[in-house]
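Colleague: Here it is, the structure, as structure tokens.
The values are calculated or read from the model by the stated rules, or taken from the named source; none is laboratory data. These numbers were taken from a predicted model, which means no experiment stands behind them. Note that we place each Cβ from the backbone using ideal geometry, even for glycine, and neighbour counts take in every protein chain shown. All accessible areas refer to the heavy atoms of the entire protein, side chains included, with ligands and DNA or RNA removed. Shrake-Rupley method; radii C 1.70, N 1.55, O 1.52, S 1.80 Å.
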Amino acid sequence: LTLDEPLAGWAMLCGWMLPVALEALQGGGPALSARALVCHGTLDEEVNFGCALLARDALTSSGCTVACAWLPGLKHVAAAKPAQRHALDFLEEVLGADSQAVRAPRRGSLSLSEVGLSVGAALEVAWSVQLDEG
């Protein structure tokens, strides 16, 4: 939310918005024009489902277009694979099926130079690639 570049879209999977993210919503910026996906299991025992509702409400009130994918009856770990599928579908939708964007490999590791991301983002990508292998 603090990037100075416009985004096609971004997703929050089974998580919460840190205070710095909530503050960033107040400042506006190009990232707020991106579409967002909030995906969460309704029985998440590690990150309360209410965190997803709060994120949705904060994003919506800041002008973001928010899609929600609630995963009924799923706990935190069980929601990981369905959330990943929702995120991939969402990214394909916002990028377009014909997108020339580089797609991360489904298996193996990623280097920063391959994806051109910061360390934190590379860890998130690596986490989702690892989930796909399971």
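Colleague: With the checklist (1) over 15 Å from the mean Cα position of the chain (by Cα); (2) modelled with pLDDT of 90 or more; (3) charged (D, E, K, R) in hand, flag the one item Glu133 doesn't pass.
Modeller: The failed condition is (2).
Colleague: Something else about it: Checking the conditions here, which among Thr65, Thr60 is modelled with pLDDT of 50 or more, touching a helix residue (DSSP H, G or I) at 6+ places or on another chain (Cβ under 9 Å), open to solvent by 40 Å² or more (accessible area, probe 1.4 Å) and over 18 Å from Asp44 (Cβ atoms)? Break it down into steps so the answer makes sense when it comes.
Modeller: Working: Thr60 fails: touching a helix residue (DSSP H, G or I) at 6+ places or on another chain (Cβ under 9 Å).
Just a single option satisfies the conditions, and that option is Thr65.
Colleague: Of the conditions (1) modelled with pLDDT of 90 or more; (2) open to solvent by 50 Å² or more (accessible area, probe 1.4 Å); (3) in contact with a helix residue (DSSP H, G or I) (Cβ under 7 Å, 6 or more places away or on another chain), Trp70 clears all except one; give me its number.
Modeller: The number of the failed condition is (3).
Colleague: I've got another one for you. What number goes with the only condition from (1) part of a helix (DSSP H, G or I); (2) in contact with a Cys (Cβ under 7 Å, 6 or more places away or on another chain) that Ala69 does not pass?
Modeller: The failed condition is (1).
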